[in-house]
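Only the coordinates and a few stated rules stand behind these numbers; no lab work does. This one's a predicted model, so the numbers in the text were calculated from it and none came from an experiment. Don't worry about glycine lacking a Cβ; one is built from the backbone with ideal geometry, like all the others, and counts go over all protein chains shown.
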Amino acid sequence: MNQEFLPLTIDGQRVYAGFWKRLVAGFADFIVLIPFIAFFTWLEGFNRNLAIVVTIPSSALFAFYHVFFNARFGGTPGKLLVGICIRRPDGSPIGWSHAWWRSSVDLVFAFLFLCANVWALSQIDPVIYSGLDWMARAEELGALHPAWFGLIFILQQIWIWGELIVLLLNKRKRAIHDFIAGTVVIKKEFSESGSGSHY
């Protein structure tokens, strides 16, 4: 892997995307996903069995959203909208392996949360489930999560805060997942042309 990094500034402009741009990009991605979240929530409201069937593809969609867009276009719609992209340290496009590694920890958490949610759905009485609104349903399912779910939730919070601290404390604004994947997040104008590579 090429570890020749782009400079910190070019013509007086910062090359690497900082916290605020990445936060706005994340918010934009959330807005993109709202219609899908609403659709799956609506489907899950019909009955428990449909909810079990729906929760697997819906979890997969959200889990692989970042992998697909990062690999194919060098960034999610949110990142591209705010003018930043994911690249190798020298500014060249990333490939599928970079995208997978970049999301690897989040995918593990997503899988564990999926298992916990399917378990909770399998434990709730179908009649009770059908009579609850979405907020009461979420509360009821939360109480039925397996015992290990609390630990996984704590570990996820440690991961999220660790990502933030590392991003804020290094000069190239790399989060832990950037170190894992060998990537950087930069302003689009400083990247090599072309979308994600395909090897």
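Determine the gain in length on full extension of the stretch V53-F179; use 0.36 nm per residue of separation and subtract their C-alpha separation, reporting nm with one decimal. Could you put the intermediate results ahead of the total?
Details: separation 126, 0.36 × 126 = 45.36 nm, distance 3.58 nm.
Stretched out fully, the V53 to F179 stretch lengthens by 41.8 nm.
About its Cα centre, what dipole magnitude does the chain give when the only charges are +1 on Lys and Arg Cβ and -1 on Asp and Glu Cβ, stated in debye to the nearest 20?
Numbers: 16 positive and 14 negative charges, 141 e Å.
Around 680 debye, computed over the chain.
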Worksheet item: Kirkwood hydrodynamic radius (Cα pairs, Å) of region 1-116?
Response: 16.0
Worksheet, complete the sentence: Of the residues F190, A60, L80, the Cα lying farthest along the dipole of region 9-190 towards its positive end, which is defined by charges on the beta carbon of Lys, Arg, Asp and Glu, belongs to F190
Worksheet item: With Cβ to Cβ distances under 11 Å as the rule, what net charge do the other residues near I128 carry (K, R +1; D, E -1)?
Response: 0
Practice prompt. Provide, for q = 0.15, 0.29, 0.30, 0.31 Å⁻¹, the log10 of I(q)/I(0) from a solvent-free Debye sum over equal Cα point scatterers in region 41-80.
Written response: -0.47, -0.85, -0.89, -0.92
Worksheet entry | Cα-based Kirkwood hydrodynamic radius, region 77-129, one decimal, Å | 14.3
Discussion item. Please compute, for the alpha-carbon atoms of region 49-142, the extent along each of the three principal axes and give them in descending order in Å.
Written reply: 57, 23, 18
Discussion item. Please identify the DSSP H helices in the chain that span no less than 24 Å along the helix axis (Cα) and have a mean Kyte-Doolittle hydropathy of 1.6 or more.
Written reply: 149-169
Item to complete: Go ahead and set up a Gaussian network model of the chain, Cα springs under 10 Å, then flag whichever of H98, H66, H145 fluctuates most.
Response: H145
Response to the item:
Env charge @ R88, Cβ radius under 14 Å, K,R +1 / D,E -1, value 0
Worksheet entry | Fully extended contour minus Cα-Cα distance, from I128 to L61, at 0.36 nm per residue | 21.3 nm
Worksheet item: Among I10, H98, L164, whose Cα lies farthest out toward the positive end of the dipole of the chain, if unit charges sit on the beta carbon of Lys, Arg (+1) and Asp, Glu (-1)?
Response: I10
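Between A143 and F5, take the C-beta separation as r, use R0 = 35 Å, and let me know the FRET efficiency to the nearest 0.05. If you can, show how the numbers build up before the last one.
Details: r = 48 Å, r/R0 = 1.38.
Given R0 = 35 Å and the Cβ-Cβ separation, E is 0.10.
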Worksheet, complete the sentence: Sorted by chain and number, the residues with a modelled amide H under 5 Å from that of I84, at a separation of 5 or more or across chains, are K188
Worksheet item: Between V166 and L43, what is the label-to-label distance in nm when each label sits 7 Å out along the Cα-to-Cβ direction?
Response: 3.4
Fill in: P(r) histogram, all alpha-carbon pairs of the chain included - 10 Å bins from 0, percent
8, 31, 30, 19, 10, 2, 0
